[in-house]
1. Once you place label points 7 Å from the Cα toward the Cβ at ALA213 and ASP8, how far apart are they in nm?
2. Whole-Hz Karplus ³J(HN,Hα) for the stretch 96-112, in order, using 6.51 cos²θ - 1.76 cosθ + 1.60 and θ = phi - 60°, x for Gly and Pro?
3. Determine the percent antiparallel among the DSSP beta bridges restricted to the stretch 62-168, to the nearest 5.
4. The stretch 254-284: which trypsin sites (Lys or Arg not before Pro) are DSSP loop and have at most 11 other beta-carbon atoms within 10 angstrom?
5. Spin-label point model (7 Å from Cα, Cβ direction): what's the ARG183 to ARG49 distance in nm?
6. Can you tell which of ALA262, ALA78, ALA44 shows the greatest fluctuation in a Gaussian network model of the chain with Cα springs below 10 Å?
7. Residue by residue through the stretch 264-271, what is 3J(HN,Hα) from phi via Karplus (6.51 cos²θ - 1.76 cosθ + 1.60, θ = phi - 60°)? Round to whole Hz and write x for glycine and proline.
8. Between HIS206 and ALA147, how many nm apart are label points set 7 Å from Cα along the C-beta direction?
Amino acid sequence: MSNETEADHDGGESGDSLSIALAQIRVEAGEVEANVDRALAAIARAADRGADLVALPELFNVGYFAFDLYARKAEPFAGETFGRLRAAAADHDVAVLAGTIVEDLAATDSVPTPADDGLANTAALFDSDGDLQLVYRKHHLFGYESAESELLVPGQRLETATIGGLTVGVTTCYDLRFPELYRRLVDDGVELLLVPSAWPYPRIEHWQTLSRARAIENQAYVATINGAGEFDDATLLGRSSVYDPWGVALSSSGDEPALVTAEIDPATVAEVREEFPALRDRRL
C-alpha cells in the first residue's frame, strides 16, 4: 500500500530557498505498518524531488480517531516508528518532522517526559543526519466529541530548532485555536511553524482561517500537514497548505493523498517584519 498514488501540489521554486514537502498520506485506523510504509514512501518521493524537509500528519501511524487503540499501539519515544523515520531522514539526506505518534511515557527513557506514565501525542523533528532536533507534545487536548483529553497527558515544553537557516517550531492540530502559544514561539525567534494535524470535516473554514491567521499575526511561515482517509465517525479533510508571512497560500491540496511542496525563503520573514512592523507595535 506504500505505492499509493498521490497528487503533486507545487508552490514554485527559488534557488536560495528551503524546499518543504507536506506528506498528506492516507491514514487507516490501527494499520501501523501500512501507515508507516506510506510515510516512508512519501519521504523517499519528496527527497527524490529535492525536498530539504518532509513533514507528516498527526498520529499518522495509528490514526487520530482510533481512540480504543491508543494504549495498545503506543510506543516509547525510541520505538520502532520514530526509529524508522530517523533512519529514513539519514538515508535520504532530508530533515523529517515525524508527524506525531501515541507515546508511552512510562516506557520512554531517551528524552524528558511531562509525566512518569500515561500517553502523549508526540512529534519529533530529525535533521538530515537523522539527529533529533526537537520534541513537541501536544499542549491543548481536544475534548469536543473526542476522547483525546481523557486519554492523553498534555505537553509542557516548547522547543525550537534550526533547519535550513530557519528557526522552526512545532504545534499540533487543536493548538491552532490558541494564538498565545504561537506568540511564545515567535518570541523565541520562530520563523517557520509546522502543524501536523488530523482535522476532520466539516470544519474547513476553521482549518483554513486559523492557519492563515497564525501566519498573518506572527508574520511567519505556517505549514499545516493534515491526513487523508475515513474513520468510523470522521473523515479527514486534507487541505494541507503552506502560508507565507503575509498569509498567502503558496501551495495547498484537496482531501485526497497528496505531496504538497513549496519553496521557503529564509530572508522573507525578516523582510516582511521590517516592511510591516506589527510585531514591534505589540503592547501585551
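Only the coordinates and a few stated rules stand behind these numbers; no lab work does. Computed from a predicted model, the values in this text were never measured in an experiment. In this analysis, Cβ positions are derived from the backbone assuming ideal geometry, glycine residues included, and neighbour counts consider all displayed protein chains.
1. Inter-label distance under the simple model: 3.6 nm.
2. 9, 8, 7, x, 9, 10, 7, 9, 8, 5, 5, 8, 8, 9, 9, 9, x
3. 90 percent
4. Counting only loop positions with at most 11 other Cβ atoms within 10 Å, the trypsin sites (Lys or Arg not before Pro) in the stretch 254-284 are ARG282, ARG283.
5. 3.7 nm
6. Comparing ALA262, ALA78, ALA44 in a Gaussian network model of the chain, the most mobile one is ALA78.
7. 10, 8, x, 7, 5, 4, 4, 5
8. 2.0 nm
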